[in-house]
1. Hey, LYS217 hits all of (1) assigned to a strand (DSSP E or B); (2) crowded, with 24+ Cβ neighbours inside 10 Å but one; which does it fall short on?
2. If you check ARG161, ARG179, which single one turns out to be assigned to a strand (DSSP E or B) and free of Cβ contacts under 8 Å to residues at least 60 places away in the same chain?
3. Identify all residues within segment 92-106 that are open to solvent by 40 Å² or more (accessible area, probe 1.4 Å) and in contact with an Asp or Glu (Cβ under 8 Å, 6 or more places away or on another chain); write none if there are none.
4. Within segment 210-218, can one find any residue that is modelled with pLDDT under 95 and over 11 Å from the mean Cα position of the chain (by Cα)?
5. State the number of residues belonging to segment 86-118 that are in contact with a Cys (Cβ under 7 Å, 6 or more places away or on another chain) and polar (S, T, N, Q).
6. Please work out if THR89 is free of Cβ contacts under 8 Å to residues at least 60 places away in the same chain, open to solvent by 20 Å² or more (accessible area, probe 1.4 Å) and closer than 18 Å to PHE208 by Cα.
7. Looking at segment 54-71, is at least one residue at pLDDT below 55 and either among the β-branched types (Val, Ile, Thr) or within 20 Å of the chain's Cα centre (by Cα) (or both)?
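The values are calculated or read from the model by the stated rules, or taken from the named source; none is laboratory data. Quick caveat, the model's predicted, so the values are computed rather than measured. Quick reminder, even Gly has a Cβ in these numbers, built from the backbone with ideal geometry, and neighbours come from all protein chains shown. The area values use the complete protein model at the heavy-atom level, side chains included, leaving out ligands, DNA and RNA. Shrake-Rupley method; radii C 1.70, N 1.55, O 1.52, S 1.80 Å.
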Amino acid sequence: MKRFFVFAMFLWTGILGVNAQEDRCDVNGDGVVNIADVTYVIDHVLGKGHASTPQAIDLGLPSGTKWASCNVGATKPEEYGGYYAWGETEEKEVYNWSTYIHCDGSSSTCHDLGSDISGTEYDVAHVKWGGDWVMPTLDDIKELRDNCISEWTTVNGVNGRKFTGPNGNSIFLPAAGYRWNGDLDDAAGGGYYWSSTQDPSTSYLACFLGFYSGDAKWYRRSRDCGQSVRPVVRN
């Protein structure tokens, strides 16, 4: 046990001794270099895999909002995680209007869930993770895009976008594609991340963060589509 403790301290000293901005030091991929990286390495040495608890990453955004280190349904940043229709909290085999639980079979019969579902029973981030975790609003997405440097990159062989905040911390969002009918489309080519905000002019659409290799922007899409969710914690 004493030798193991010495080994852990050696790892910690080594990690702290290297520039915190270098990606190779951030071994757990949560955007910061701290004791969690030592825990990650030790868990792998012991054959325990890695900690599945998501980290709240402070990017230095004006609002103080922190973004999760991984998607809902994932345990590390580069995992795709789950796909959820807007307002639904479970995955399914087929995504379309006939299977969307918040309508009566068509886009014209969408149920009113409110203009913003963040923190409600329809918020998959809050339902799955609990605590203060919620889906990001459209304003949260705009703040992320407007205040971070965004670059298309690859983490452990997975394409996606890295968002680096004003304080130098970063998060990685994998290009997980989206699910429509029974298919997974555009995986590795694009990322599609729901906000909690319904489109103000069209009730069957909701707003989301979309990105490719070129840029990241916000868009609108029909609520029945299966997309990724990256939670946030607000001050």
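1. Just one mismatch for LYS217, condition (2).
2. Within the list ARG161, ARG179, the selection yields ARG161.
3. TRP97, THR99, ILE101
4. yes
5. Number satisfying all stated conditions: 1.
6. When the stated conditions are applied, THR89 passes them.
7. Looking through segment 54-71, none of the residues is at pLDDT below 55 and either among the β-branched types (Val, Ile, Thr) or within 20 Å of the chain's Cα centre (by Cα) (or both).
Here's the yes/no breakdown for (1) outside any strand (DSSP E or B); (2) open to solvent by 10 Å² or more (accessible area, probe 1.4 Å); (3) within 17 Å of HIS102 (Cα to Cα); (4) of a type in the set (Val, Ile, Thr):
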site	(1), (2), (3), (4)
SER195	no, no, yes, no
THR202	yes, yes, yes, yes
ALA206	no, no, yes, no
ARG230	yes, no, no, no
ASN235	yes, yes, no, no
